[in-house]
Each structure stands twice: as C-alpha cells, then as structure tokens.
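Since the structure comes first, as structure tokens, the remarks are kept for the end.
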Amino acid sequence: MRVINEMKLLFTSLSVNESFGRSAVSSFLLQLDPTIAELNEIRTALSEAITNSVVHAYKDIEGIIEINTKIYDNRTVYIRVKDKGCGIINISQAMEAMYTTAPNEERSGLGFSVMLQFMDKVQVSSKPKQGTTVTMTKRLSDNSRVSK
Ligand SMILES: Nc1ncnc2c1ncn2[C@@H]1O[C@H](COP(=O)(O)OP(=O)(O)OP(=O)(O)O)[C@@H](O)[C@H]1O
Ligand SMILES: [Mg+2]
C-alpha cells in the first residue's frame, strides 16, 4: 500500500472548529469520489473524535488539535486525530459503549462506538497528562464512481 496524497491540519480546540475540521477533511477526500454514505460515515466518526479532544482532552482549557489525513493507492483513507490534553487512564474502559466520564454534561458514552461502527479500524493510544491519538482507517468501495 502506498500513500498517494496527504494533508495535515492544526487548529485550536474551540467547538466552532469542529465543523471546520470535519469539512476540511471531507473536502480533501472528495478527490476519491466517495459515496454519500461513505462520506457521511467518515464525517460522523471524525466529528466524534474531534469533539472528544475539545470536550474531554482540553476540558476548560484551549489546546491544539492535529488531524493528519492520508489516502492510499487502494482507496484506503487514514485519519489521525491527535491532542496533547489530559489523556485517558483506561483506554479499553473508555471505548466501551455507554462509558462516559461526563454524565453530568449529558454525554452518552457512545463516541467510540460510533467510530468503531463507521470505520474499518480504530486505534487509540493515550498517556495521562500527555494526550491522546485516535487513528481510524476505512477502505472506500471500488465501484463508488458507478454506483452513486
Ligand atoms: N481525546 C480524549 N482525551 C481524554 N479523554 C477522552 C478523549 N476521548 C475520549 N475520552 C474519554 O473516553 C470517554 C468515552 O468517550 P466517548 O466518546 O465514547 O463518550 P463521551 O464523549 O463521554 O460521550 P459522547 O461521545 O456520546 O458524547 C469519555 O467520557 C472520556 O472520559
Ligand atoms: Mg465522545
């Protein structure tokens, strides 16, 4: 597998930037001519990852969110969302459906479940007080150009 295109974004962890990050990545991926369903799935998964960095990683502070997007020659999309926020102590617990550390803020604990549902692969690495990196990949259908 070979990377044929790549881009990186850095932005401040303001909630107004959630849609910016999502739209910038979607625009970049349009060159693959994805189906509307594929694009919506990626946008939804990405929104969850960005929101987590905004509301959890940088809770009550501002920090930088970095998104790295790569396109491979077999139509695989790679998206890495990285923050230098509070980090996650127990990653497998955090990824369980309905687990949330913010029930009072009416979070439902389903962000990681959504990412896992819509992407082929989701990997999380994190260190308390250092930050979190979420890596997601999805291979787009080969016939998306004709089946739309
Ligand atoms: N980038 C991050 N930095 C620090 N903690 C995180 C990060 N992402 C997730 N978490 C932790 O993992 C938990 C589960 O995340 P998940 O997205 O599944 O649910 P949620 O954000 O609590 O609720 P929802 O996404 O449904 O609004 C969060 O409550 C939070 O404690
Ligand atoms: Mg979440």
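Taken over region 23-55, residues that are among the hydroxyl-bearing types (Ser, Thr, Tyr) and either over 14 Å from the mean Cα position of the chain (by Cα) or more than 16 Å from ligand 2 (Cβ to nearest atom) (or both) amount to 4.
A count restricted to region 104-128 and to residues that are within 14 Å of ligand 2 (Cβ to nearest atom) and either out of contact with any strand residue (DSSP E or B) (no Cβ under 9 Å at 6 or more places or on another chain) or open to solvent by 100 Å² or more (accessible area, probe 1.4 Å) (or both) stands at 10. Only a single criterion out of (1) touching a strand residue (DSSP E or B) at 6+ places or on another chain (Cβ under 9 Å); (2) open to solvent by less than 40 Å² (accessible area, probe 1.4 Å); (3) not polar (S, T, N, Q) is not satisfied by Lys84, namely (2). Within region 29-49, being more than 9 Å from ligand 1 (Cβ to nearest atom), within 21 Å of Val16 (Cα to Cα) and open to solvent by less than 20 Å² (accessible area, probe 1.4 Å) holds for Ile42, Ala45, Leu46. Whether any residue in region 90-101 is within 16 Å of ligand 2 (Cβ to nearest atom), among the β-branched types (Val, Ile, Thr) and open to solvent by less than 60 Å² (accessible area, probe 1.4 Å) is what I want to check. Yes, the conditions are met somewhere in region 90-101. Can Phe20 be described as at pLDDT 95 or above, of a type in the set (Phe, Trp, Tyr) and open to solvent by less than 20 Å² (accessible area, probe 1.4 Å)? No; evaluated as a whole, the condition is false for this residue. Could we say that Met119 is more than 8 Å from ligand 1 (Cβ to nearest atom), of a type in the set (A, V, I, L, M, F, W, C), at pLDDT 95 or above and in contact with a helix residue (DSSP H, G or I) (Cβ under 6 Å, 6 or more places away or on another chain) here? So Met119 passes the test. A search for C-beta distances below 8 Å between a residue of region 117-132 that is without any contact (Cβ under 8 Å) to a residue 60 or more places away in the chain and any residue that is loosely packed, with under 13 Cβ neighbours inside 10 Å, counting only pairs 6+ apart in sequence or on different chains, returns Pro128/Ile89. Ser141 meets the conditions (1) polar (S, T, N, Q); (2) under 21 Å from Ala24 (Cα atoms); (3) open to solvent by less than 40 Å² (accessible area, probe 1.4 Å); (4) in contact (Cβ under 8 Å) with a residue 60 or more places away in the chain in every case but one. The failed one is (2).
The values are calculated or read from the model by the stated rules, or taken from the named source; none is laboratory data. Keep in mind that this is a model prediction, so the values were computed, not measured. Note that we place each Cβ from the backbone using ideal geometry, even for glycine, and neighbour counts take in every protein chain shown. Note: accessible area is taken over every heavy atom of the protein model, side chains too, but ligands, DNA and RNA are not part of it. Shrake-Rupley method; radii C 1.70, N 1.55, O 1.52, S 1.80 Å.
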